[in-house]
Amino acid sequence: MHYHAPITEKVFWIGTNDRKTERFENYLPLPQGVAYNSYLINDEKTCIIDTVDFSTAGLFIEKINGILKGKALNYIIVNHMEPDHSGSLGEVMAHFPEAKLIGNVITLKMIKAFIPDFDEAKFICIKEGDKLSLGHHTLTFAMVPMVHWPESMVTYDITDKILFSNDAFGSFGTLDGGIFDDEINFSFYEDEMRRYYSNIVGKYGPQVLNAINKLGGLEIKYICPSHGILWRKDISVVINHFANWASFTPEEEGVVIVYGTLYGTTAKMANVIARELAWNGIKNIKIYDASKTDHSYIISDIWKYKGLIIGSAAHNNDVYPVLQGLLHKLKNYGLKNRYLGIFGNMLWSGGGVRGIQAFADALPGLEVIADAVEAKGEPTPDDQRKLENIAKAMAEKLKSERQ
Ligand code: FEO
């Protein structure tokens, strides 16, 4: 017996929880798992909105059968073709061969890329604003390109005012009993939601804001995303979070210090900065060794706090290798609206600090708040004084923004 859950009289959550997969997109750790949300509307015509990852296809089909009880499945709406939502399409089409797939013109190209022998006669191509009547329910569609792929769209149930929002407003973390925002403690999910946002759609802030603006005119009673919590009580909480993250607006005062070190001297420098930050009244300070903590967590905290201080040992005249991946990702995301401090260590001809400076030059939305400090081996008393200056400058900047 596996549960499904009614949202309204004829609309059901039929998602699945994945507690087995180690890494989302094969690189982002999932210690709290992930939910693949799908929805079924059991009207005169029946319809599901997206499917689930292939790994949970068996349970998913059980859930559909549990509601339809032999009734035909008429439509499968494909809001998004990323395999965490489309991986079960083949299985569902095999079980419900009469079902027609609904998507936009880009969706069709992607279906054919994933399912080369797909029969195009099964496809109904819709465009923005088209309507689909299921009997009591009428659905319409809006395009939200790059939230999270080019073909991404959302479906809106005009009858019950439900926005099936696709990856927008989603989160990592399985749904452990409660599925609605008023059934769970949001603080359990908040960090995982930010980690999901910053790592999955962090690059597409403008597109997320466009989508929020476009959907802002709708009367929305329920937000039903493709991952994580369904919203019906405090809808503004999730919309405000996503709007802030998409505009790179920090949540609170604090500093992330992240470093790459071979033998520990760069780590020592990080501790000097952190102590001075605390001495100057900054309470939220997170120090991360880039070699140990998965970068998705570091990125999530960089989204949370306004202060960022990066330190690198020189390695083969460049930035410490593990740190390079993090800097590459932040550059790719166009990180902005952050104060930045820079430090590092060298013995031959440097490269670590130089590399971080080049990173800062490539991101005009970062404000470097003090001269970079580059020690040679053990930080000298003069190095320590300069490191403390970075901390003082950062604390001053942050405190000047206090209300
Ligand atoms: Fe949840 Fe972009 O797929």
Using +1 at the C-beta of Lys and Arg and -1 at the C-beta of Asp and Glu, which of P145, N104, F114 has the Cα lying farthest in the positive direction of the dipole of the range 26-173? N104
Candidate cut points under GluC sites (Glu not before Pro) in the range 138-226, DSSP loop plus at most 12 other Cβ atoms within 10 Å of their own Cβ, are E219
Among M269, V255, I239, whose Cα sits farthest toward the positive end of the charge dipole of the range 229-275 (+1 at Cβ of Lys/Arg, -1 at Cβ of Asp/Glu, about the Cα centre)? M269
In the range 97-165, trypsin sites (Lys or Arg not before Pro) in a DSSP loop with at most 13 other beta-carbon atoms within 10 Å: K127, K161
Output the relative contact order of the chain, whole-number percent, from Cα pairs under 8 angstrom with separation of 6+ residues. 11 percent
Given a 1.4 Å probe, the accessible area of the chain per residue, as a whole number of Å², is 42 Å²
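When N counts the residues of the range 289-343, how does its alpha-carbon radius of gyration compare numerically with 2.2 N^0.38 Å, as a ratio? Numbers along the way, then the final one.
Values: Rg = 11.1 Å, N = 55, 2.2 N^0.38 = 10.1 Å.
In units of the globular-protein estimate, the range 289-343 measures up at 1.10.
Taking R0 as 22 Å, what FRET efficiency do you get between R402 and N271 from their Cβ-Cβ distance, rounded to the nearest 0.05?
For R402 and N271, the calculated efficiency is 0.30.
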Using a Förster radius of 51 Å, what is the FRET efficiency between K127 and K376 based on their Cβ-Cβ separation? Nearest 0.05, please. 0.25
Alpha carbon centre of the range 313-358 versus the range 80-119: separation in Å? 42 Å
Rounded to the nearest 5, what is the percent of antiparallel bridges among the DSSP beta bridges in the range 5-246? 65 percent
Whose amide H sits under 5 Å from the amide H of D130, counting only residues 5 or more places off or on another chain, with H placed in the peptide plane? F141
Between Rg and the Kirkwood Rh of the range 30-151, both from Cα atoms, what is the Rg to Rh ratio? 0.94
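How do S312, S236 rank by accessible surface area computed with a 1.4 Å probe, from largest to smallest?
Numbers: S312 0, S236 70 Å².
Ranked from most to least accessible, the order is S236, S312.
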Please list the non-local residues whose amide H lies under 5 Å from the amide H of Y75, H modeled 1.01 Å from N, same-chain partners needing a gap of 5 or more. T46, C47, I48, K100
Pairs of Cα atoms under 8 Å, at least six residues apart: use those to get the relative contact order of the range 252-397, whole percent. 27 percent
Net dipole in debye of the range 5-246 [+1 Lys, Arg Cβ; -1 Asp, Glu Cβ; about Cα centre; nearest 20]: 320 debye
Taking Cα atoms, the helix 321-333 axis meets the longest principal axis of the chain at an angle in degrees (rounded to 10) of 60 degrees
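The values are calculated or read from the model by the stated rules, or taken from the named source; none is laboratory data. None of the values given here were measured: they were computed from a predicted structure. Every residue, glycine among them, receives a Cβ derived from its backbone with ideal geometry; neighbour counts consider all protein chains shown. All accessible areas refer to the heavy atoms of the entire protein, side chains included, with ligands and DNA or RNA removed. Shrake-Rupley method; radii C 1.70, N 1.55, O 1.52, S 1.80 Å.
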